[in-house]
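A.B. asks: Have a look at this one.
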């Protein structure tokens with residue numbers, strides 16, 4: 001490949017770079033890894049040469065998607081990077097997503113299987129057809145459609161949590177205080193008029209199935225939540241208890257301005273079957 005041809009190919013690649021980086025970031029959740037994926041995409045294009053590529057944008061999407069999928073599958077740990085840590089101008093990444101979806105994606109995408117995550121990102125955020133996605137993920141178009149559909153349901157279920165971005169920190173602090181029996185910390189997190197409600201056998205409460213007031217609720221949870229993990233419960237911040245891989249208890253929280261206004265607990269099989277619970 002002549003230097004002139006290579007320069008022309010590089011220019012065409014640069015035209016596609018913002019889109020590729022947005023795709024890689026949405027798939028990987030890390031700006032550094034996204035840069036690595038885009039750089040590897042360029043190296044593969046450079047090796048292939050212009051003569052091997054008929055539709056450059058589609059080729060780049062396929063190659064970048066496969067690289068991201070391989071990186072997801074080989075990853076042993078994941079750190080989702082907040083969008084604010086990216087130095088690109090808004091048009092490069094932030095405009096890819098509607099504002100109300102952004103926070104929910106950062107929460108939920110990390111819980112999806114690699115192929116689900118990539119299928120969702122490619123189709124719902126970049127309008128790639130399922131025929132093309134099938135090539136990237138190594139599935140049939142129908143199977144690719146199902147991957148994206150499952151991911152979409154989980155993202156939609158998580159959307160309400162985006163309205164309280166500090167919710168995860170509140171949940172973590174609540175569970176830590178509960179496990180440690182720290183009444184003071186619990187009282188700081190609970191609204192004075194907080195209400196704990198239960199369905200089925202989620203808690204042994206009074207005849208009305210609820211407890212009211214910060215001190216009452218704090219004393220109820222002090223020393224508990226030993227096996228609880230943060231979770232999204234029908235899109236609300238909360239926590240869940242799994243025993244032997246089976247969901248036993250789910251608690252949804254109503255959080256506003258960093259304080260817990262209410263908790264709704266469920267543990268009966270019927271109640272739990274009607275919930276969408278996503279461990280975080």
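The values are calculated or read from the model by the stated rules, or taken from the named source; none is laboratory data. Keep in mind that this is a model prediction, so the values were computed, not measured. Counting neighbours? That spans all protein chains shown, and the Cβs are built from the backbone with ideal geometry, glycine included.
A.B. asks: Considering only the stretch 151-244, give the helices (runs of 4 or more DSSP H) lying wholly within it that have at least 2 residues that are within 18 Å of residue 278 (Cα to Cα) and either at pLDDT 90 or above or in the same structural domain as residue 260 (by TED's automatic domain parsing) (or both).
C.D. replies: Of the helices (runs of 4 or more DSSP H) lying wholly inside the stretch 151-244, those with at least 2 residues that are within 18 Å of residue 278 (Cα to Cα) and either at pLDDT 90 or above or in the same structural domain as residue 260 (by TED's automatic domain parsing) (or both) span 167-180.
A.B. asks: A further question follows. If you check every pair at least six apart or on different chains, which have Cβ atoms under 8 Å apart with a residue in the stretch 212-229 that is closer than 26 Å to residue 247 by Cα first and a residue that is modelled with pLDDT of 90 or more and assigned to a loop (DSSP other than H, G, I, E, B) second?
C.D. replies: Between residues of the stretch 212-229 that are closer than 26 Å to residue 247 by Cα and residues that are modelled with pLDDT of 90 or more and assigned to a loop (DSSP other than H, G, I, E, B), the close pairs are 222/181; 222/182; 223/181.
A.B. asks: Further, regarding this structure: Might you check whether a residue that is modelled with pLDDT under 90, assigned by TED's automatic domain parsing to the domain that holds residue 119 and within 21 Å of the chain's Cα centre (by Cα) occurs anywhere in the stretch 32-41?
C.D. replies: Within the stretch 32-41, one or more residues are modelled with pLDDT under 90, assigned by TED's automatic domain parsing to the domain that holds residue 119 and within 21 Å of the chain's Cα centre (by Cα).
A.B. asks: Additional query: Exactly one of these conditions fails for residue 88: (1) modelled with pLDDT under 90; (2) closer than 24 Å to residue 278 by Cβ; (3) surrounded by 15 or more Cβ atoms within 10 Å (Cβ to Cβ). Give me its number.
C.D. replies: (2)
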